[in-house]
1. Can you report the principal axis dimensions of the stretch 37-178 using only the alpha carbons, biggest first, rounded to whole angstrom?
2. If Lys and Arg each add +1 and Asp and Glu each add -1, what is the summed charge of the other residues whose beta carbon sits under 15 Å from the beta carbon of Gly302?
3. Working out 0.36 nm times the residue gap between Trp145 and Leu220, then minus their Cα-Cα distance, what length gain in nm do you get to one decimal?
4. One-quarter of the Cα convex hull surface for the stretch 247-357, in nm²?
5. FRET efficiency for Arg89 and Tyr254, Cβ-Cβ distance as r, R0 = 41 Å, nearest 0.05?
6. How many nm separate the modelled label positions at Leu320 and Lys182, each set 7 Å beyond the Cα in the direction of the Cβ?
7. Per 0.36 nm of contour for each residue apart, how much would the distance between Leu104 and Arg329 grow if the chain were fully extended, relative to their Cα-Cα spacing?
8. What whole-number volume per residue, in cubic angstrom, does the convex hull of the C-alpha atoms of the stretch 265-310 give?
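Only the coordinates and a few stated rules stand behind these numbers; no lab work does. Given the structure is predicted, the values throughout are model-derived calculations rather than measurements. Glycine gets a Cβ as well: all are built from the backbone with ideal geometry, and neighbour counts include every protein chain shown.
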Amino acid sequence: MRQAAVRTGPRRSHANLFVALGLAVVCVLYFLSSHAPGDALNDPKLQIFKTMFISVILEAMPFILIGVLISAALQVFVSERLIRGMIPRHPVLGILAAGALGILFPICECGMVPAIRGLIRKGMPLHAASTFILAGPILNPIVFWSTLTAFRARPEIAYARMGLALAVALVAGLVIYRFAGKDALRETGHGRNAISERKRGSDPAGANDRGARRKAPSKLAKLSDMMGHAVAEFFEMGKYLIFGAIVVGLLQAYVPQGQLVALGHGEGGSMLLMMGLGFILSLCSTSDAFVAQSFLTTFSAGSLVAFMVFGPMLNLKSLLMMLAVFKTRFVLVLASLAFVLVYAGAWLLGVWMRGGG
């Protein structure tokens, strides 16, 4: 774990620098557009971009802060053995339990893949892990709260998001159990050593003695570790939020609504467009509802639900992480299941919500 943190340190530093520079540029634009004379700086489109960008950031930031603190606390204070013990051996019960884990352990998709890898190595079944990967980033109180806040006038969208996410995760878990193999992790040196030691059923010579001599981390050290995880995850998610807010501001200010609707002609085309946008933006599930809410008058409710379900389940960021941890065949199967199930489910929900409206 420490070695991985050292390897990713420079990349995180560059990402944090990029975020800081982006915020500085936005602040300068905000000041100039508010105080400096000139038609260019007072352009109405620039004002729309500024308003949309700042509104998305301010609305989403509290939920990101809460999410990263809870995620960091779980990572430091809750053992993987405890979570693994909550999964029943029966496949159906195990899938249902994995779907409910997100309610108890709200982990953002940013930390989902590394956490799942550790759980699988410690004995979590692949079908339960697949369900948790899909449901975990969405089925938690923070995401539900943020979605309900973003869609105050349309609460049925928040309930539709939770219901569709649960249904897709459960069906995908059953399919993985029935048709996929049990070994989906890529074999690394660390993984092979862990498996061989588990098969031997014994610790290396002297491991117990060394463990007994080691002091348990103090509460202050754990708290410091938790804050370190929270800060790192905040910047990791923050850069995607800023990128998403910039895209939303540009779309709202410089792309006519008629042209945007024309890109996704019809209900099916609009769902494909919004699912593709969710995949590319790679937004955090605690903040994507505010981005979706900005398109409420442009796209249908079913398209917005598809955006908010498919994006956290599968996006460009998580896909790259899964390909580094899981075998390619498993990733393709899981991605295909997520795409087909989300598209079909969102289409049915769109029909239902239009009929109810």
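1. Result, largest extent first: 68, 33, 21 Å.
2. Numbers: positive: Arg154, Arg161, Arg354; negative: Glu156, Glu267.
That works out to +1.
3. 23.9 nm
4. Working: hull surface 28.5 nm².
That works out to 7.1 nm².
5. Numbers: r = 55 Å, r/R0 = 1.34.
My answer for the efficiency is 0.15.
6. 3.4
7. Result for the pair: 78.0 nm of gain on full extension.
8. 58
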